[in-house]
Amino acid sequence: MFNQSLSRSTTLFALSAVLLATAGSGIIGSSNAYAAAPMVKSSAPAYYRMTLGDFEITALSDGTTALPVDKLLTNTTAAATNKQLAKSYLKSPVETSFNGFLINTGSKLILVDTGAGAFFGPTLGNLAANLKAAGYQPEQVDEIYITHMHSDHVGGLLAGDKIAFPNAIVRAQKNEADYWLSQANMDKAPADNKGSFKNAMAAVNPYASAGKFKPFEGDTELVPGIKAIAGHGHTAGHSTYVIESKGEKLVLWGDLMHVAAVQFEHPEVTIAFDSDSKTAAVERKKAYADAAKGGYLVAGAHLSFPGIGRIRAEGKGYAWVPVNYVPVR
């Protein structure tokens, strides 16, 4: 009995010694063990996939950048903007998403907007990498639809100084192309806007030279299930794209709006990037009213990623309802 007790005590003592040693080394029972792990400071590849009838939609992040929206929003004041931002626990500058959208119809792979490419600095230009992470290669893209030719929507057409999507046909509204691809328009533009013309030409002209740029006119069906609809105001030929399959609908708004925390509740608020702010506000109000009435999905290039959801009427304005996460099965 004595020998058994001694043996048990020896075992317990030895176990206690091991525990104390490991605790002292920071392996067990020490808060320092976890603090010693380095912070990763990176996110997973940013794509989000969902189905729409028989179509598959993939939202692709080009990245984010901080915008001083209290200085950019117009038809309002900086004080009113900051007060509105605070309701959403935000303050200026607002970290703003830049999104593109990939539609797989089953017979065609179509990309709507290409991101900034190399035109906007190190926090943007990630769309191509995220497209690959999502399981596709640039060579697989059949058609590219451009909402408008601002640099953050066409820059991704290039990979360095080469065409990024070698098998794709690029399409945009003719008024948009005629405006941004015109040397005469660039020559008479203000100095601080000439860069936008240069970037549009640099991105689109290689496709035009290869016979791969085909502008369209008016509201038109581009492929079965996808229609281009005029949404002018932000630019001369800004377009939205309506995707429909099996009774389900998604409207890609492009830059119809920019700052969700302000412009849903106050659709009358415009932004300095609009070429015709009055027309842009009219188009936005019309789009909001139709989306709220129809209850269909909408997506925005600058809504917080993935930028897809619905809106509902609320008071004199609207409220944003982000899409519910559902894994694609």
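The values are calculated or read from the model by the stated rules, or taken from the named source; none is laboratory data. Keep in mind the model is a prediction, meaning the values are calculated, not measured. Don't worry about glycine lacking a Cβ; one is built from the backbone with ideal geometry, like all the others, and counts go over all protein chains shown.
Points worth noting:
- Residue satisfying all of: in the range 130-141; buried (at least 16 other Cβ atoms within 10 Å of the Cβ) and under 16 Å from the mean Cα position of the chain (by Cα); farthest from Gly254 (Cα to Cα) among these: Ala134
- Qualifying residue in the range 220-237 (condition: free of Cβ contacts under 8 Å to residues at least 12 places away in the same chain and touching a strand residue (DSSP E or B) at 6+ places or on another chain (Cβ under 8 Å)): yes
- Verdict on Ala261 being at pLDDT 95 or above, of a type in the set (A, V, I, L, M), within 18 Å of the chain's Cα centre (by Cα) and assigned to a helix (DSSP H, G or I): yes
- Members of the range 204-222 found to be crowded, with 16+ Cβ neighbours inside 10 Å and either closer than 30 Å to Leu297 by Cα or among the β-branched types (Val, Ile, Thr) (or both), listed by number: Val204, Phe213, Pro215, Phe216, Leu222
- Note on the range 153-171: among residues that are touching a Pro at 6+ places or on another chain (Cβ under 6 Å) and among the aliphatic types (A, V, I, L, M), the one that is surrounded by the most Cβ atoms within 10 Å (Cβ to Cβ) is Ala164.
- Filter result (out of contact with any helix residue (DSSP H, G or I) (no Cβ under 8 Å at 6 or more places or on another chain) and either in contact (Cβ under 8 Å) with a residue 60 or more places away in the chain or more than 15 Å from Phe213 (Cβ to Cβ) (or both)) within the range 140-171: Gln140, Glu143, Tyr145, Asp152, His153, Gly160, Asp161
- Members of the range 70-127 found to be among the β-branched types (Val, Ile, Thr) and either assigned to a strand (DSSP E or B) or not assigned by TED's automatic domain parsing to the domain that holds Asp255 (or both), listed by number: Thr74, Val94, Thr96, Ile103, Ile110, Val112
- Condition check for Lys41: at pLDDT below 95 and within 21 Å of the chain's Cα centre (by Cα): yes
- For the range 161-178, a residue qualifies if it is out of contact with any Asp or Glu (no Cβ under 9 Å at 6 or more places or on another chain) and not acidic (Asp, Glu), and the qualifying residues are Lys162, Ile163, Ala164, Ala172, Ala177.
- Candidate set: the range 233-251, residues that are of a type in the set (Gly, Ala, Ser) and in a strand (DSSP E or B); chosen: the one nearest to Val323 (Cα to Cα): Ser245
- Of all residues making up the range 85-99, the number that are closer than 14 Å to His258 by Cα and surrounded by 17 or more Cβ atoms within 10 Å (Cβ to Cβ): 7
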